[in-house]
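Notes for the one structure printed next.
The values are calculated or read from the model by the stated rules, or taken from the named source; none is laboratory data. All of these numbers come straight from a predicted model, not from anything done at the bench. Here the Cβ positions follow ideal geometry from the backbone for every residue, glycine too, while neighbour counts run over all protein chains shown. Accessible surface is based on the protein model in full, side chains and every heavy atom, while ligands, DNA and RNA are left aside. Shrake-Rupley method; radii C 1.70, N 1.55, O 1.52, S 1.80 Å.
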Amino acid sequence: MKKINIGGVPEHFNLAWYLTLKERAYEKEGINLRWKDYPGGTGAMCKALRNKKIDIAVILTEGIIKDIIAGNPAKIIQTYVQSPLIWGIHVAAEATYNTIEDLEGTKAAISRYGSGSHLMAYINAENNGWDTDNLGFEVINNLEGAIDGLNKGKGDYFMWEHFTTKPLVDQGIFKRVADCPTPWPCFVIAVRSELLEEDEETVKTVLNIINEMTAKFKDLPNIDERIAARYEQQLEDVQKWLSLTEWSQEIIDEKTIHKVQDKLLSLDIIPEKWNYKDLTHKII
């Protein structure tokens, strides 16, 4: 058995991985695939890839591009979710902020520096014509940290995936003042370069299995009800999310890689642009 460690956020996007593991699809191919949830998101997974705690990450596009340029020895091998991520912009339920305009000059609560919640705060600021040099941040680690922190005044707003946080809005814990979609496909699959050099064939097998599942995911019987039950979401919210979400079975294209880097460079998040082939690896 070849042991492979993989990480991702504990959200509905990754149910396809859970289903393939439940079917023992990897075991049947001689692969012991071990999944680890990362509630801390992209920043936590980048660290885990660097420390060899995981071999593969299902990770935000902009976050892993930034971290590879910053020295993470990994490559993007495929787009996982083609559609944008819809980031909800949330404040504490009792906060006096009611519109996106109210948040200019306030502090963003972020999971960690280099995370999606950190990078998207810049993109949201730029979208709204704010001075990105004046952004302030409070590190709160994850969604649980935001629930605790925002209601204690640790940070003023928190950006996290719209549908994951919808139950917290419904419960009156958060108030959502706006949404901010990513300007590119949201999730990619990244692999440690060392594993690609040593055993690309195993990585290819993992990809084949998950791609077969994501290609049919929306057509699985009662998938909306299964997601709603597992992630404690309203059925109508799940159905809306499914209608907006498109998975991919293809390598990320060069145009997207350049678009993400152009944006990160313009916001001084990366010091330089890299060539497409230095950020990606095509599994043959």
Pairs of alpha-carbon atoms within less than 8 angstrom and 6+ residues apart define the contacts here; what relative contact order does the chain have, in percent?
27 percent
Protection proxy (average C-beta count within 10 Å per residue), highest first, orders 13-22, 127-136, 247-256, 155-164 as 155-164, 13-22, 247-256, 127-136
Which percent, nearest 5, of DSSP beta bridges in the chain are antiparallel?
60 percent
Treating the beta-carbon of each Lys and Arg as +1 and of each Asp and Glu as -1, no other charges, what is the dipole magnitude of the chain about its Cα centre, to the nearest 20 debye?
820 debye
By how many nm would the segment from residue 93 to residue 219 grow when fully extended, if each residue of separation counts as 0.36 nm and the alpha-carbon distance is taken off?
41.7 nm
Here the Kirkwood hydrodynamic radius of the chain, Cα-based and in Å, equals 19.3 Å
Amide H to amide H under 5 Å from residue 139: which residues, 5+ apart in sequence or cross-chain, H placed 1.01 Å off N in plane?
110
Hey, could you grab the Kirkwood Rh for the stretch 128-282? Inverse mean 1/r over distinct alpha carbon pairs, Å, one decimal.
19.1 Å
By how many degrees, 0 to 90 and rounded to 10, does the Cα axis of helix 193-216 deviate from the longest principal axis of the chain?
80 degrees
Would you kindly calculate the translational diffusion coefficient of the stretch 138-179, applying Stokes-Einstein with the Kirkwood radius from alpha carbon pairs, for 37 °C and a viscosity of 0.692 mPa s, and quote it in µm² s⁻¹ without decimals?
314 µm²/s
Quick one: net charge around residue 241, please, counting Lys, Arg +1 and Asp, Glu -1 for every other residue with C-beta under 14 Å from its C-beta.
-4
Using just the Cα positions, wrap the stretch 44-96 in a convex hull and report its mean projected area in square nanometres, one decimal place.
5.5 nm²
Spherically averaged projected area in nm², based on the convex hull that wraps the Cα atoms of the stretch 1-98:
8.4 nm²
Mean separation of Cα contacts under 8 Å (at least 6 apart) over the residue count of the stretch 1-135, i.e. the relative contact order in percent, is 24 percent
Residue-count net charge about residue 23 - beta-carbon cut-off 15 Å; Lys, Arg +1, Asp, Glu -1
+2
Ordered by packing density, taken as the mean number of other Cβ atoms within 10 Å over each peptide's residues, highest first, how do 95-107, 63-75 rank?
63-75, 95-107
Pop out the carbon and sulfur fraction of the accessible area of the stretch 231-284 as a percent, whole number, probe 1.4 Å.
47 percent
Share of pairwise Cα separations in the stretch 31-189, more than 18 Å, in percent:
58 percent
Taking every pair of alpha-carbon atoms in the stretch 69-113, give the share separated by more than 12 Å as a whole percent.
79 percent
What ratio of Cα Rg to 2.2 N^0.38 Å holds for the stretch 151-203?
1.85
As a test of understanding, state the convex hull volume per residue of the stretch 166-255 from its alpha carbons, in Å³.
152 Å³
Rounded to the nearest whole Å², what accessible area per residue is found for the stretch 129-227 with the 1.4 Å probe?
43 Å²
